[in-house]
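Taken together, the values in this text are just the output of simple stated rules run on the coordinates, not laboratory data. Fair warning: this is a prediction, and the values are worked out from it, not measured in the lab. Note that each Cβ is placed from the backbone with ideal geometry, even for glycine, and that neighbours are counted across all protein chains shown.
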Amino acid sequence: MTRHMLSFPIGGQRFNYRVAAVIIVDGHVLICDENDDGFSMLPGGRVEMGEASALSLVREIDEEIGLPGVLGPLLLTSESFYRRFDQDFHELGLFYRVSLPADARPNGQSPWRVTYDEGSEHRFHWVALDGDGMTQLNLKPDWLREVLPRLPDQLTHIVYDERDNG
Amino acid sequence: MAEAPARHMIAYDLAPGRFSFRAGAIILRDGHVLATRTTTETIWYLPGGRVEWGESTRVAVQREIVEELGMSGEVGELAIMLESFFTYRDKRFHELAYYYPVTLPDDFPFRTDGEVCHRGRDGEVDLEFKWLRTDAESLRANDFKPEALYGVLYDLPVVPRHVIWVGDGEESA
């Protein structure tokens, strides 16, 4: 079946609809570096046409990490407006709490796991939520660095706009 | 005069159907919700419309209220985020919709006799508005969509509620 990512150009800009996993074990969050582009993200990816966000994330976890993820509650729903690589983005994000099998946990190794999916290399790391690791991380979207160490216990709506409106 | 920036609605046709991104207003008064429809259709729905590129859903709701009702409303915090999958006129839809409670000025006409209380225009189409009772039976009798909102319109969540709704005979991939 042909897959259609919900990411498309509009007037030379780009609309993205993403879903991501918040995986926290022993005070560490699992993050992913893709193709050494200098950015870190939470595991996840773009939602496909016709696909419910929850199913989409289970698929992405399986494809990227290669482990079965169990979805918890939706924690964050975000609308982000930002610019990267000379392109303006309008991005919707849904962030679910996800748990992995019990033996998937920080073990001192970095990267913890390296996988290949659709021509991309994914390097996974566990980053301590309470140390310098978070501040040194070039984690996108930016507001995650603030929010992850103090996650709200109920669904929270975030609007993040880094455009210069002046 | 400076040329207005181009407006781009977020809706996209792909081979399997249409993706659309909407923002809607939940306007409640005395056990009723304000609903609208185009005069050429039978389905009633919440005021609102498609989100434009670069526009937050909150701003989209504010804009749509002004366009459709000719007045400003006070927009509250996000109440419902709905992902729905349905077929309408032989076309499959994957729709994201963000719903906000909105308070209108007190002088907006309120009538409970089922008659039209307001008429407006949105682009090329004529709109009419009426107040529907919020119970599911009344919404169903009036062919109100989306059905996923039956049962939630009279008791709005304080914390945003996320709903995934798959229509009859549909499957989400």
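Extending 7 Å from the Cα toward the beta-carbon at both B:Phe110 and A:Leu67 defines two label points whose distance is 5.5 nm. Backbone amide hydrogens, once placed in the peptide plane, bring B:Tyr88 within less than 5 Å of B:Phe93, excluding anything fewer than 5 places away on its chain. Semi-axis lengths, largest first, of the ellipsoid equivalent to region B:29-106 are 22, 16, 13 Å, with √(5λ) applied to each eigenvalue of the Cα gyration tensor. Adding -39500 (n - 2.57) for every DSSP H run of four residues or longer, then dividing by how many residues the protein assembly as shown holds, sets the calculated 222 nm ellipticity at -3000 deg cm²/dmol. Only alpha carbons enter this Debye calculation for region B:67-173, each as an equal point scatterer, and the log10 of I(q)/I(0) it gives at q = 0.14, 0.17, 0.18 Å⁻¹ is -0.72, -1.07, -1.19. Restricting region A:1-88 to trypsin sites (Lys or Arg not before Pro) that sit in a DSSP loop and have at most 15 other Cβ atoms within 10 Å of their own Cβ leaves A:Arg3. Free of any GluC sites (Glu not before Pro) that DSSP assigns to a loop and that have at most 13 other C-beta atoms within 10 Å, the longest stretch within chain B is B:125-170.
Counting, for every residue in B:47-56, the Cβ atoms of other protein chains within 10 Å of its Cβ and taking the mean gives 4. Across peptide A:148-156, the mean count of Cβ atoms from other chains lying within 10 Å of each residue's own Cβ comes to 2.
Going from the residue with the fewest nearby Cβ atoms within 10 Å to the one with the most, B:Val66, B:Val75, B:Val61 rank B:Val66, B:Val75, B:Val61.
By the rule of a C-alpha distance below 14 Å, with chain neighbours fewer than 8 residues away ignored, the aspartates and glutamates paired with B:Lys145 are B:Glu41, B:Glu83, B:Glu95, B:Asp135, B:Glu137, B:Asp168. Applying a DSSP loop filter and a limit of 16 other Cβ atoms within 10 Å to the chymotrypsin sites (Phe, Trp or Tyr not before Pro) in region A:21-97 leaves A:Phe39, A:Phe85.
Among B:Ala23, B:Ala79, B:Ala148, the largest mean-square fluctuation in a Gaussian network model of chain B (Cα springs under 10 Å) belongs to B:Ala148.
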